[in-house]
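Here is the structure we will look at, set down as structure tokens.
Where a number appears in this text, it was derived from the coordinates with a stated rule and is not lab data. These numbers come from a predicted model, not from an experiment. Glycine also receives a Cβ, built like all others from the backbone with ideal geometry; neighbour counts cover every protein chain displayed.
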Amino acid sequence: MTEAAQYSVIEVLPDGRRIEIRALSPSDRGEFAEAVGRSSAESLRRRFFAPRHSFTEREIAFFVDVDFVDHVALVAVTEQGGRPVIVGAGRYIVVGPEQAEVAFTVADQCQGQGVGGALMRHVTAIAREAGIKELIAEVLPENTPMLAVFKKSGLRMTTKKERGVVHVTLHLI
Ligand SMILES: CC(C)(COP(=O)(O)OP(=O)(O)OC[C@H]1O[C@@H](n2cnc3c(N)ncnc32)[C@H](O)[C@@H]1OP(=O)(O)O)[C@@H](O)C(=O)NCCC(=O)NCCS
């Protein structure tokens, strides 16, 4: 078990609310599937570049059964009505030597409140600790919030637009 698999920190959002950023656990599977079901069509299109409404068991297993080495996933958890609720997820998948692809999703009603930025900081910290030198992402050009999170990360960023997709590279060194 790697250290990343035990990851847990408390973050304070700009509005003062506290969220926990922690490692995704296999027991989050049910809530993960529910969160996908609650996502707006637009959020799912921005994340998966195609209309999605549900995922197969196999796809859910891919997202949830992560090894915290080649595939690291964190969730953002807030308290709603006295119980913890997952409001966002950020992950990286190693795709080459010292290179990993990142992706983020924040629940629609929680977007624009700093959750994505918080997930980005912690995903980056784990990647850096693991020796990753470059984070890459494919983003739709109109996805201003995702591009803003990357710009605000403070990492050196290069972009290339190709066939309607922005290829982002963030340099960790
Ligand atoms: C992209 C996403 C993960 C960002 O998460 P978030 O929690 O909304 O992001 P944050 O609140 O941390 O930061 C958003 C930043 O984007 C900017 N932003 C947000 N909405 C914006 C808009 N409509 N226009 C311009 N900038 C915007 C703000 O500058 C904000 O920074 P701030 O801290 O100065 O306010 C989230 O919006 C999401 O889940 N979108 C749908 C799925 C998706 O697109 N995933 C990415 C696939 S590559």
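Got a number for residues in region 16-42 being outside any helix (DSSP H, G or I) and more than 12 Å from Phe55 (Cβ to Cβ)?
To start, the set of residues in region 16-42 that are outside any helix (DSSP H, G or I) comprises 16-25, 39-40.
Next, only the ones that are more than 12 Å from Phe55 (Cβ to Cβ) stay: 16-25, 40.
Total satisfying the criteria: 11.
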Subject >> Count of region 100-154 residues which are polar (S, T, N, Q) and either part of a helix (DSSP H, G or I) or in contact with a His (Cβ under 9 Å, 6 or more places away or on another chain) (or both) >> reply: 3
Original post:
Of all residues in region 51-66, which are surrounded by 13 or more Cβ atoms within 10 Å (Cβ to Cβ) and assigned to a loop (DSSP other than H, G, I, E, B)?
Top reply: Arg52, Phe55, Val66
**OP:** Kindly indicate whether any position in region 33-44 is more than 16 Å from the ligand (Cβ to nearest atom), more than 15 Å from the chain's Cα centre (by Cα) and closer than 23 Å to Leu135 by Cβ.
**Re:** no
Original post:
What pairs come up if the first residue lies in region 26-45 and is within 23 Å of Gln6 (Cα to Cα), the second is within 16 Å of the ligand (Cβ to nearest atom) and of a type outside the set (Val, Ile, Thr), and their beta carbons are under 7 Å apart, counting only those six or more places apart or on different chains?
Top reply: Phe32/Phe63; Ala35/Ala107
Original post:
When you go through Val94, Val106, Val139 one by one, which is the residue that is under 21 Å from Tyr7 (Cβ atoms), surrounded by 19 or more Cβ atoms within 10 Å (Cβ to Cβ), out of contact with any Lys or Arg (no Cβ under 7 Å at 6 or more places or on another chain) and among the β-branched types (Val, Ile, Thr)?
Top reply: Val106
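Go through region 117-136 and count every residue that is surrounded by 13 or more Cβ atoms within 10 Å (Cβ to Cβ) and more than 20 Å from Ala89 (Cβ to Cβ).
Of the residues in region 117-136, the ones surrounded by 13 or more Cβ atoms within 10 Å (Cβ to Cβ) are 117-128, 130, 132-136.
Then keep just the ones that are more than 20 Å from Ala89 (Cβ to Cβ); that gives 133-134.
Going through region 117-136 one residue at a time, the tally reaches 2.
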